[in-house]
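Visitor: Here it is, the structure, as structure tokens.
The values are calculated or read from the model by the stated rules, or taken from the named source; none is laboratory data. Just so it is clear, the model here is predicted, and its values are computed rather than measured. Cβ placement follows ideal geometry from the backbone for every residue including glycine, while neighbour counts extend to all protein chains displayed.
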Amino acid sequence: MKVGRFFSGYDIYIFLPVVFLIIWGILNIYSATIHEYKNLYLKQALYGIVGIGILFIFPRIDYRKVVNISPFIYIIGILSLVAVIFAGTTILGAKRWISLGLFTIQPSEFMKFVLIITTAYILGSRKENINTKKTLITVLTVGVPFFLTMKQPDLGTAITLLIPVAVMLFVGGLNKKVIYGVILIGILSSPFIWDHLKDYQKKRIIAFINPEADPFKSAYHILQSKIAIGSGQITGKGFLQGTQSKLFFLPEQHTDFIFATIGEEWGFIFSSFILTLYLILGLRIFYWGIKVKDPEGKYICFGAGSLILTQAFINIAMTIGLAPVVGITLPFLSYGGSSMITFSLIAGIVLSVIRIHKSQKLYFG
């Protein structure tokens, strides 16, 4: 099979940025961890190979077949979240992972992909407009993993489970009164939500509002991240030359705060380039969401694009002090196999939607 023929129907404006981000992430994880963890970048390289493999193979699969079995995938996802409660591994005070020997998996991370395809299945079925029944089923579908994830506790991941589903409902024409009602309920219930947050979650929000009040504890991450990014200035200190990460001032420099490592070593110009890549990626997926006629494909594109854009925005915003620290990864860049595979599956199924759309257009056009 010729290479050109194999890639026919692929969108290079999605495929190439994702591959670049994966490779760039491995390079910067090497820089962020080599002084402390000698082989961590090798694990990320393995995750990256799996992720790129998904990008090659998954678009060849008809996304409609995946959507059709999404209820079964959803059940497996829920069972895995329940398994975390009874057999999960606790790391840094949170029980979010299941140990598989050499590797651990984070089921709540995979639920992002599962909820996108399951919501597309619910909203796209029978080509009906969104009605009360579909809305209630969708709310229940996302509500179960949301509360199971909150119990771990993992507020950041729980919020990102809601984002693509909310966007898909909005795109589907959810009644504006319902949207306004949900916003009002959210505002009115904020005191209740605050009372039920963990102490460390409350401290993170307070640290975001006034980081100078507790610079050596709850606000330490934010302050050190801002110092690292600011010290990179325009062109950065150079690869492997970051001092905040190398001298152990910057916590989680290879996971949640990988962007701070990039900002310190590569500076404002290249950091802006990374931001632009995410913007191109998200907007390109939205573009196909508008063009694709199949409802399920359309919902997948809008769910995927909104998740990638908002998660990237939240992660970067928290590293520069514009959002509270919520503990979510930077898609394709942060260390972690569950995150890498999840976002590769999301990008892969989008590429499948595009390929099927192009092939049908050619056949019927």
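Visitor: Would you pick out the residues in the stretch 83-133 that are loosely packed, with under 13 Cβ neighbours inside 10 Å and either of a type in the set (F, W, Y) or on the phi > 0 side of the Ramachandran plot (or both)?
Guide: Scanning the stretch 83-133 gives F86, L92, G93, G101, R126, K127.
Visitor: Please find, among S125, S108, the residue that is in a helix (DSSP H, G or I), under 17 Å from the mean Cα position of the chain (by Cα), among the hydroxyl-bearing types (S, T, Y) and within 20 Å of P71 (Cα to Cα).
Guide: Result of the check over S125, S108: S108.
Visitor: Residues S271, S344: which one is farther than 15 Å from K226 by Cβ, out of contact with any strand residue (DSSP E or B) (no Cβ under 7 Å at 6 or more places or on another chain) and of a type in the set (S, T, N, Q)?
Guide: S344
Visitor: Let me ask something else. Does I12 fit the bill of being surrounded by fewer than 18 Cβ atoms within 10 Å (Cβ to Cβ), at pLDDT 95 or above and either under 18 Å from P331 (Cα atoms) or not charged (D, E, K, R) (or both)?
Guide: Taking the combined requirement at face value, the residue does not satisfy it.
Visitor: With L283, L223, L240 as the choices, which residue is of a type in the set (A, V, I, L, M, F, W, C), closer than 30 Å to S344 by Cβ and touching a helix residue (DSSP H, G or I) at 6+ places or on another chain (Cβ under 7 Å)?
Guide: L240
Visitor: K246 fails exactly one of the following numbered conditions: (1) of a type outside the set (A, V, I, L, M); (2) in contact with a His (Cβ under 6 Å, 6 or more places away or on another chain); (3) within 30 Å of I130 (Cα to Cα). What is the number of that condition?
Guide: Going through the list (1) of a type outside the set (A, V, I, L, M); (2) in contact with a His (Cβ under 6 Å, 6 or more places away or on another chain); (3) within 30 Å of I130 (Cα to Cα), K246 breaks only (3).
Visitor: Just one of V82, V114 is more than 19 Å from the chain's Cα centre (by Cα) and touching a residue at least 40 places away in the same chain (Cβ under 8 Å); which is it?
Guide: Criteria check complete, one pass: V82.
Visitor: Let me ask another. Could you tell me whether the stretch 141-161 includes any residue that is basic (K, R) and in contact (Cβ under 8 Å) with a residue 40 or more places away in the chain?
Guide: Within the stretch 141-161 (the criterion being basic (K, R) and in contact (Cβ under 8 Å) with a residue 40 or more places away in the chain), the answer is yes, since at least one residue qualifies.
Visitor: Could you tell me which of the residues L240, L223, L197 is of a type outside the set (G, A, S), modelled with pLDDT of 75 or more and out of contact with any Pro (no Cβ under 8 Å at 6 or more places or on another chain)?
Guide: When all the criteria are applied, what remains is L240.
Visitor: Please go through the stretch 54-78 and give me each residue that is aliphatic (A, V, I, L, M) and either closer than 22 Å to P107 by Cα or buried (at least 21 other Cβ atoms within 10 Å of the Cβ) (or both), ordered by number.
Guide: Residues satisfying the conditions are I54, L55, V66, V67, I69, I73, I75, I76, I78.
Visitor: With (1) more than 30 Å from I346 (Cα to Cα); (2) among the aliphatic types (A, V, I, L, M); (3) at pLDDT 75 or above as the list, and L155 as the residue in question, which single condition is left unmet?
Guide: (1)
Visitor: Could you say whether any residue in the stretch 147-170 is among the charged types (D, E, K, R), more than 21 Å from D195 (Cα to Cα) and surrounded by fewer than 22 Cβ atoms within 10 Å (Cβ to Cβ)?
Guide: no
Visitor: If you take just the helices (runs of 4 or more DSSP H) that sit entirely in the stretch 130-237, which of them hold at least 2 residues that are among the acidic types (D, E) and under 25 Å from I75 (Cβ atoms)?
Guide: Output list is empty.
Visitor: Filter the stretch 28-45 for residues that are surrounded by 14 or more Cβ atoms within 10 Å (Cβ to Cβ) and assigned to a helix (DSSP H, G or I) and give the result.
Guide: Within the stretch 28-45, N28, I29, Y30, S31, A32, T33, L40, Y41, K43, Q44, A45 qualify.
Visitor: Among all residue pairs at least 6 apart or on different chains, which show Cβ distances below 6 Å where the first residue, located in the stretch 289-306, is within 10 Å of H357 (Cβ to Cβ) and the second is of a type in the set (G, A, S)?
Guide: Here the result reads K298/G289; C301/G289, each pair linking the stretch 289-306 to a residue that is of a type in the set (G, A, S).
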